[in-house]
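Have a look at the structure below, then the notes.
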Amino acid sequence: SDLPNGPSGDVEMTDVSNDASLPDLDVFFKENFQITFDELALVRGHKRANMFFLMFPDEAHNEYLLLKLFLEKHLAVVLSNREGDMGWEKFAKTEIGAALFHNSFTNYQDLTSLTSLTSRNQISFWNVSLMKPVDFKGDQLNFQRLFPQGGTILLTEDFMVHEKDASVIILGWFRENVRSKIPRTWKLMLRPNVMNWLGEKFKEDCRYMLMHYIIADIASEGKLRNMPTRPHDLDSIYNPSLQHPIISLVNIPGYGSSSEEDFPEIPEGLTQEHRDADRLIKFFADWVILNVSQYRRFQVITSVAPLPQWQKLHHIDLCHGPQAFYKRMAIKPDTYREKYLSQASSSSSSSSTTRPEGADNKQPSSLQESPTDVI
């Protein structure tokens, strides 16, 4: 069989175990799936992968075989989940490669070393559906890139409370760096209703005011008319049309009010703060699964002790404490400390809640300038 086009552009899959029955696979893939081997193999730096990993369920065996034959025609090394965990473990050691996941696969949290792979520029990822194209932003695609570029960072509430200086530094770093990136490729997720929460804490410490100002400036992208004034203005789940870099939902069920009985799967004896971190991180982990076609790296910054359940979420990079995040992103904190905290005269202890002397009604000089002057 020549595997002809079926109705609505679907491709009829037949038994591909007999190589003699197959057409020229280069022509077939180009005509039916609009893809070439060189396009599949291309990674950043204009290099070409020769190592591939295929994650296909048994139900998609014919799709798996067809794709495997296509890759092997070009002398590629093909590993797969047919080898159990060994296939993925071998692939995770490669420096240049491409991983192709069947469209039905969503268990990215189970892939050990995934965050290590997404941190390497020369590993590419694809979503594949040969039987029927998948709709992606209005386009019908059989091959769709996953983990393309950019990333999303979750900054937890506990971190903002106990690591105030570091929170200002990270927010300042994000503010400046996001403007040098391709638009809409980086996001920062924060606790629910973050602007109202910060507003209520102004009197405790002026660094909360700094955080509020920087977040508002990031969200408005430097345009006064775009300043967030309502909780919904930062909730891109409620309003998917929002394009700015900040995500703060109006509410997450159980956040701020959960009890041990509400979530028996987590350890007993946790504080409300710890339970809230768990709720937020689990929400983020689920959100990541839905957004692997949008961003490449997904990171969490927290100050509370990581729970065993979090360590099993292999699709997110968990940074415990500021130094871990500074190292991951090659941040020089002194640069941003001088720019954003020098005039706030904040306490040397980031957990202090003492209002700095002489800091009332002052903003650091860098924030008094227009956003375009700072960058």
Checklist entry - Scanning region 70-86 for residues that are over 21 Å from VAL27 (Cα atoms) and small (Gly, Ala, Ser), which turns out modelled with the highest pLDDT? => result SER80
Checklist entry - All but one of (1) part of a helix (DSSP H, G or I); (2) modelled with pLDDT under 95 hold for LYS181; which doesn't? => result (1)
Next on the checklist: For region 195-243: of the residues being of a type in the set (Val, Ile, Thr) and more than 20 Å from TYR340 (Cα to Cα), which is modelled with the highest pLDDT?
Outcome noted: THR229
Checklist outcome for this item: Here the residues within region 14-27 that are at pLDDT 55 or above and touching a helix residue (DSSP H, G or I) at 6+ places or on another chain (Cβ under 8 Å) are ASP19, LEU22, LEU25, ASP26
Checklist entry - So is PHE105 surrounded by 14 or more Cβ atoms within 10 Å (Cβ to Cβ), among the aromatic types (Phe, Trp, Tyr) and within 25 Å of GLN294 (Cα to Cα) or not? => result yes
Checklist outcome for this item: Of the listed residues (LEU117, LEU130), the one being outside the structural domain of MET209 (by the TED database) and outside any loop (DSSP other than H, G, I, E, B) is LEU117
Next on the checklist: Whether any residue in region 142-162 is farther than 30 Å from GLY87 by Cβ, surrounded by 14 or more Cβ atoms within 10 Å (Cβ to Cβ) and more than 22 Å from the chain's Cα centre (by Cα) is what I want to check.
Outcome noted: yes
Item to check | Qualifying residue in region 220-234 (condition: touching a residue at least 60 places away in the same chain (Cβ under 8 Å), buried (at least 20 other Cβ atoms within 10 Å of the Cβ) and closer than 21 Å to LYS181 by Cα) | outcome: no
Checklist outcome for this item: Just one listed residue, out of ARG175, ARG145, ARG191, is among the basic types (Lys, Arg) and part of a loop (DSSP other than H, G, I, E, B), and it is ARG191
Item to check | PRO57 modelled with pLDDT of 95 or more and either more than 23 Å from SER119 (Cα to Cα) or among the hydroxyl-bearing types (Ser, Thr, Tyr) (or both) | outcome: yes
Next on the checklist: Just to be sure before I move on: is LEU280 surrounded by 13 or more Cβ atoms within 10 Å (Cβ to Cβ) and in a loop (DSSP other than H, G, I, E, B) in the structure I sent?
Outcome noted: no
Next on the checklist: I need every pair where a residue in region 250-274 that is acidic (Asp, Glu) has its Cβ under 6 Å from the Cβ of a residue that is outside any loop (DSSP other than H, G, I, E, B), sequence separation at least 6 or different chains.
Outcome noted: GLU273/ASP158
Next on the checklist: Can you name every one of the helices (runs of 4 or more DSSP H) wholly within region 37-112 that holds 3 or more residues which are more than 28 Å from ASP286 (Cα to Cα)?
Outcome noted: 37-41, 61-73
Item to check | Filter result for HIS274 (surrounded by 16 or more Cβ atoms within 10 Å (Cβ to Cβ), over 21 Å from PHE159 (Cα atoms) and not small (Gly, Ala, Ser)) | outcome: no
Checklist entry - When only residues in region 118-140 that are surrounded by fewer than 20 Cβ atoms within 10 Å (Cβ to Cβ) and of a type in the set (A, V, I, L, M) count, which is nearest to SER293 (Cα to Cα)? => result VAL134
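The values are calculated or read from the model by the stated rules, or taken from the named source; none is laboratory data. Because the structure is predicted, anything quoted here is derived from the model rather than measured. For neighbour counting, all protein chains shown are included, and Cβ atoms are generated from backbone atoms with ideal geometry for every residue, glycine included.
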